[in-house]
Structure formats: structure tokens, C-alpha cells
Amino acid sequence: MPRFSSALSRRAFLASAAAGACAGPLRAEDALAATTRLNGWLETRFEAWVASSPLQQGYLGRNANLDKWDDLSEGHQREDLERARRDLADLRENFGPSTFTPEGQLSYRLYEYLSERRTNAYPWRTHDYTVNQNGGWQQQIAAFLMNIHRVGTVEQAEAYVARLHGIGGLMAQVRERMRAGEEAGVLAPRFVYGHVIRDCGNILSGAPFETGKASPLWADITAKIDILAADAATKQKLRTEAEKALLTAVRPAYGALMELCAEQQAHATTDDGVWKHPKGEEYYGYCLAFHTTTDMSADAIHEFGLAEVARIHDEMRLIMKQVEFGGSLQEFFTFLRTDARFRYPQTAEGKAAYLARAEEIIDAMRGRLDEVFGRQPRAKLVVRAVEAFREQSATAAFYQPPGAYDGRPGTYYVNTFDMNVPSKYEMEAVAYHEAIPGHHMQIALAREMSDLPSFRRFEGYSAYTEGWGLYCEQLPKELGFYLDPYSDFGRLSAELWRACRLVVDTGIHAPDKKWTRGRAIGYLKENTPNAEGDIVNSIERYIVSPGQATAYKIGLAKIMALRTDAKERLADKFDLRAFHEVVLSHGSVPLPILGENVEAWVRQVAET
């Protein structure tokens, strides 16, 4: 197991302990009063941050600023930095962590952590790739309008049209950020721009931009207008205004972005790692710390990944014997990639069958949740195919959290663009990770914890969130799922994929390794059974999101280490439902704090 630590966590803990030692005994009513005052202040800070982001308001399901986009300007980024600094100063000057209830002390530490995190991100604002194939602005704009911006009234439809007009200004800021990155010496690898240009072309494909079927945004807004409770004249006026906005604002905005992408593509390099950028090594260290919430080095993560790949390969060979496959592991991988029995056909019927089977898997798991969880989320979950305009660029599967205020369900997205990518034998593992008991269980539950300060309900840490998702791929085996040996192999395959990520992410971005895109693709081809399209898509994702892919296995290792330790120390007193409750009940937290929460629970149970 890797070593976990956090300098910030240690410093905050020691400061809190020292303050407590000096303050003497604390009365319960005083601690509760102080915590109530802190929570009130935390709510004002949460609301201030949300108020500065119309997109965040939309994702939360709030009916506010529906006609506006976020401000991406340098000036606004500076304002965010100053807000984070003020928050941190106010927190430390006006509140003493030792004066709160235990939950209040945790809120103090988490907001301190979050404020420092926001402050530390500012110097790297130009190192992020503003547009890329993995959720860049060219995708996010359309996805937000289609999936988040609801139209139930004429006013909401008018706000949609206003947002269409506002895409011109938003895209101008996107281009400004791209040029600022270029001036700072940061350009995406050359291959990225082709993906972005294709995405833009997909948005502009079809009516009213050209003859043919409706373009994605035109199809979306007209469908939403059609079901409005409004008279025909009002609906026609809205359609006319939407068409005008698409032609006069959206088309030139996306066209200008395509031109800039072509311009930057012409002098971008084929080097893939962030080591190539100014202060690239320091930036990658920041990315690893940000996503893992630990101080693990790139070398330590790389070596951990290699060891895990070897371990999982050995477990896979046992399943090969079980199904009586006589070749090598690599030959077994080839068999799984090429045998038609493991894929649904590349037809409308095949895609529908995949979605239906995913829903069956989720329903079966939902019926067993009471055995290992004390509470379940109220938010509904739906399964959908990734929209056509972004399916060629999007990852194989992902989760969109539910709206907190508008009843929008959580969404498990499946990419059905190339049915050679999603395999039947991995379907269980992917559904458990993205839906239930993985992301939907954890994220929806956190959003429904009204007793927690809002920032704790909605903030997320990759290592915790993705570690939980990967843990939930393993948990169903204890409940008797993965009965088919090939499906059990799929469970191992999914974990192997995350172990390989540790190797290729650090291989690509660490300055002492400098793996090329081709070498990273080759490593996954040799060491995993995944389809080539999945491999290429994923490596390109890791290239544009440095460090993020390392969070999964690091988070899983922490959760499993905590569970193993608790089970050994508590013996017959260990209760899995209670363990899951303590992991989930505080919202998403950095891994060191998760460890402290579980340790406190273990001690409490041991003493009873």
C-alpha cells in the first residue's frame, strides 16, 4: 500500500490540537453555539461563490441567472483569487477551530483546505487546456444547454435564446484564455485541435446552418419550445429568435474558435506531457497533489502502478484457468477484444440492448443495497446514451450528478458511438462504478445531507470520489455478483485499467520519463484487454487531464487500507454498514481527513 500524508492536514490538526490544549474544557452548549455561528458564515461564503457562477447555479438546479454565462476573464479569475484569500483570512481571524463541536472542527478544516486549494490553483490558470476533447468549452456549452437548461416556461425559453446570443461573448473569452496560454508557453498537443475542430463542426452541422436535419442546438431548443404551454404565435416568435441567435451569434463564435484552433494546431508540437511547459515538473506535482490529496511523488505512484498491474495479471490468469483458455494472458486479451460474443452489434438494436442491460444491472444491485448500506439517496437515476454531437470525443461512460433543487435525476451516460468499445464482460463493473453503489450513491447522498454546510455537500475531491467508485466495483463480489467468470474478469479488467493509469499518466507527464502518446497506447495494448478505440481515447484523455487518472487507485487503496485496519482491530465489532456510513456521512473529503474520520469511529466502537 502507498503511504498517505498531507502537510496541510498535519498543520491544521496540530494547530487545532494546540489551541484546544490551551483553551481548557469546552462546554457543549458553547461548542454548539460557535459551530452554529461558523455554519452561518460558511453558508454566506458558499452563496457568494455560487452567485459568481451562473453555470454552477444551473448545475445545482437553481432558477436564477438563466440568461447568463460564467465570466472567464482574467479580471474575474483575479477576483476569485482575492475572494479565496479573504475567506481564508476571515476564517482564521474570526474563528478558533478548538471552539467547535467535532463536526464543526471538521467543517473549519475542510474550508481552510478548500480556500488554500483555490488560492494555490491561481498560478496555474494558463496551464489548463481551455479547449480539449475531454469536456472542453466547445462541448460544455452545448451539453449545458441541452441537459441542464430546462425550459418549462416562456421566460426560461427566452433565457435560453439569450444564452445563445451570449455564446459570442463567452467564446471570445475562451479564445482570450487560449491566447493567454500560448503567450505563457502552453499549447495543447497537436492532435487535440483536430478533435475540437470536429466537435465544433458537429455543433454547426445541420439546420439552420445548412440544409439537412436539425443541428444539435436547433433540435434541442425547438423540441423544448414545442412542449411549452404557450400559444402558437409565442412559440413561433421564440423559434425565430432562436434561429437568429444561432446564425448571428453561435455560428460566428464557433467558426472563430475553429480558426484559432487551426492556427494554434499549425505550431503545436507532438510532445504530449506537461513536462514540456514552463515549470512543467512543478505543475505536474501540483496536479498529482490536487487529484490524490496526498504528497505521493510521481515515481512512487508509477511504482505502485507497476506492482498492481503485476498482481492483477496474476489474478486474471486464475480466471483463464477457470474458463480453460490455453494461451498466454496477452492471447486471452486478444480473444476478448475480437470475439463477437463479448460485444453488442453496431446497430440501433445493439445500442438499445446495451442500455437495457445496464438498467437491469443497476436494478439488481438496488435490490441488495440494504444489506450493506444504512441509507440510500432519494434522487432518481437514469441511463442515457451520450449525445451524438460529442460521442466521438467523450469517454466510454460517465456520471452527471442530480440537480439539488429542481429534481433533475442523476444520469449514467454510456457512449454507444463505437460498440466495439463497451464490452459485455465489463458492464457490471462500469455500472456499479458510475451508478449504484458508486457515484450516484455517494454524490446524491452528499447533496441530500441538509445538516452539513452546503460547501461540504457539493465540493468533491477526485481521490475520494473516484476511489469510492472503484471500491464499489469490488464490493458487489462480496454480495455474490460477478457470477459469470468473464464478468468477474471484467471486474479485474476494470481495476487493471486504473492500475495502468498510474503507470501511463506518470509515464507521459513526469519529466524523467517523457512517454510519447504512442508508447502509452502500446503499454495499454500489451497489458489490458480493452479495445483499441478505448485505449486511444483514454490515453488522449490522460494527456489533457494530467494527474486526474491517478486518483482512482490511490483512493481505492486508502479506503481498502482503512477497512482492513478497522476489521482487524474491531474483530466481531466490525460492521460493514457502519463503516460505509462513516465513509459517506461527511461528504467528499481529502484522503488524510477520511483516515482521521475512520480512526475516530474505530476508537469509539472499540471503547463501547
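Tabulated data for the structure shown
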read-out: Those helices (runs of 4 or more DSSP H) lying entirely in segment 526-608 with at least 1 residues buried (at least 21 other Cβ atoms within 10 Å of the Cβ) and assigned by TED's automatic domain parsing to the domain that holds W468; value: 532-544, 551-570
read-out: All helices (runs of 4 or more DSSP H) inside segment 190-259 with 2 or more residues being without any contact (Cβ under 8 Å) to a residue 24 or more places away in the chain; value: 216-226, 232-245
read-out: Meets criteria (part of a loop (DSSP other than H, G, I, E, B), β-branched (V, I, T), buried (at least 16 other Cβ atoms within 10 Å of the Cβ) and touching a Phe, Trp or Tyr at 6+ places or on another chain (Cβ under 8 Å)) for T395; value: no
read-out: Filter result (of a type in the set (S, T, Y), surrounded by fewer than 20 Cβ atoms within 10 Å (Cβ to Cβ) and under 16 Å from V250 (Cα atoms)) within segment 200-228; value: S205, T222
read-out: Test for I508: is it in contact (Cβ under 8 Å) with a residue 60 or more places away in the chain, of a type outside the set (S, T, Y), crowded, with 23+ Cβ neighbours inside 10 Å and under 18 Å from I539 (Cα atoms); value: yes
read-out: Those residues of segment 66-104 which are assigned to a helix (DSSP H, G or I), within 27 Å of the chain's Cα centre (by Cα) and of a type in the set (S, T, N, Q), in sequence order; value: Q77
read-out: Where a residue in segment 420-444 is within 25 Å of G61 (Cα to Cα) and its partner, wherever it lies, is among the acidic types (D, E) and crowded, with 24+ Cβ neighbours inside 10 Å, with Cβ under 9 Å and at least six apart; value: H433/E466; H433/E473; G438/E473; H439/E466; H440/E434
read-out: Residue check, L145 in contact (Cβ under 8 Å) with a residue 40 or more places away in the chain, assigned by TED's automatic domain parsing to the domain that holds L164 and outside any loop (DSSP other than H, G, I, E, B); value: yes
read-out: Among (1) surrounded by 13 or more Cβ atoms within 10 Å (Cβ to Cβ); (2) of a type in the set (D, E, K, R); (3) in contact with a helix residue (DSSP H, G or I) (Cβ under 8 Å, 6 or more places away or on another chain) - the single one R378 does not satisfy; value: (1)
read-out: Residue match in segment 492-504 (condition: in the same structural domain as L336 (by TED's automatic domain parsing) and in a loop (DSSP other than H, G, I, E, B)); value: no
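Condition check ((1) small (G, A, S); (2) over 23 Å from N147 (Cα atoms)) across all residues:
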{"site": "P208", "(1), (2)": "no, no"}
{"site": "T211", "(1), (2)": "no, yes"}
{"site": "S215", "(1), (2)": "yes, no"}
{"site": "K235", "(1), (2)": "no, no"}
{"site": "L238", "(1), (2)": "no, no"}
{"site": "L257", "(1), (2)": "no, no"}
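The values are calculated or read from the model by the stated rules, or taken from the named source; none is laboratory data. Since we're looking at a predicted model, the values are computed, not measured. Heads up, the Cβs are rebuilt from the backbone with ideal geometry, glycines too, and the neighbour counts pull from every protein chain shown.
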